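Quick notes on the structure that follows.
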């Protein structure tokens with residue numbers, strides 16, 4: 001028996017899937033081959049280490065949230081053309097023919113052991129970071145009111161509604177775990193802001209995205225909580241670039257307006273909206289927002305290009321008016 005065959009049989013023997021005759025042949029080879037004997041000891045040690053840790057089942061909230069994100073991602077994928085499907089089938093067929101069953105077992109065993117160790121560490125870290133959401137006791141309504149904290153994003157299935165109380169700075173956000181949950185607090189509350197940013201990515205409800213982006217944009221317009229580059233400002237830039245709803249993109253653009261002069265990233269996002277957005281109203285609003293920084297080289301180049309080549313005559317005229325209003329960039 002050579003070492004290649006021994007490597008294959010070591011895996012099968014470790015899981016007691018080797019015939020008696022083959023097991024005896026392997027034992028004879030291991031007695032005379034220190035290299036293979038060492039590999040066998042390493043595999044057995046890995047197997048024992050993997051069995052020492054419990055198999056942790058994913059929480060139901062994490063599974064529900066993952067399914068929602070997966071469904072949204074699959075819905076966003078364009079359908080494959082016939083020749084793409086044919087090519088993928090051919091690739092899968094070739095890969096199946098080339099795969100060695102015993103080698104696959106070896107990779108599976110090593111990968112499973114490594115995955116268990118990594119999963120255990122991730123679970124410990126995640127449990128340490130998770131924020132507990134206290135539920136109100138004795139309520140007949142399953143929607144529990146929470147004021148002290150909010151679940152970590154991975155624990156939240158989706159945002160069901162956002163309501164701002166009239167003539168108030170208070171916001172009520174309803175979100176779902178296994179049962180509906182509710183948190184109420186000021187727009188300055190980090191937990192409320194976290195949920196608003198999470199809601200802006202909810203592809204299952206346009207209304208929730210519109211409400212969340214509208215509230216964040218109003219806060220930015222008022223100069224509350226958007227002074228740093230991260231957080232709400234980033235969420236608005238993502239909504240402006242990628243949201244499919246015109247109302248959501250328009251609100252995000254208005255929220256970014258105060259920062260177009262000071263933040264190059266915001267300026268780039270507004271320039272992308274001018275060049276790529278499908279709604280002429282949003283493109284016109286982008287031009288008006290860029291007016292205070294028309295002397296910037298990138299802004300000047302985009303306006304010049306749009307004023308000469310854009311297919312929309314209104315967009316061309318507005319761009320020319322902005323360029324003509326500043327003599328040094330004519």
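Cβ crowding within 10 Å ranks 216, 1 as 1, 216, fewest other Cβ atoms first.
Once you sort the root eigenvalues of the Cα gyration tensor of segment 262-312 as a ≥ b ≥ c, which label holds: rounded (a/c under 1.5), prolate (a/b larger than b/c) or oblate (the other case)? Note, shape of segment 262-312 comes out oblate. Starting from the Cα of residue 33, step 7 Å toward the Cβ, then list every residue of segment 8-27 with an amide N under 12 Å from that point. Within reach of a label on residue 33: 8-11, 25-27. Each label point was placed 7 Å from the Cα along the Cα-to-Cβ direction; for residue 320 and residue 161 their separation is 5.1 nm. In plain terms, the residue of 68, 240, 215, 275 with the fewest other Cβ atoms within 10 Å comes first and the most crowded comes last, giving 275, 68, 215, 240. Spherically averaged projected area of the convex hull of Cα atoms, segment 155-329: 10.5 nm². Fewest-first ordering of 259, 304, 242 by other beta carbons within 10 Å of each residue's beta carbon gives 242, 304, 259.
FYI, it's all coordinate maths here, none of it is from the lab. Everything numeric here is computed off the predicted structure, so don't read it as measured data. A quick note on method: Cβ atoms are made from the backbone with ideal geometry, for glycine too, and the neighbour counts reach across all protein chains shown.
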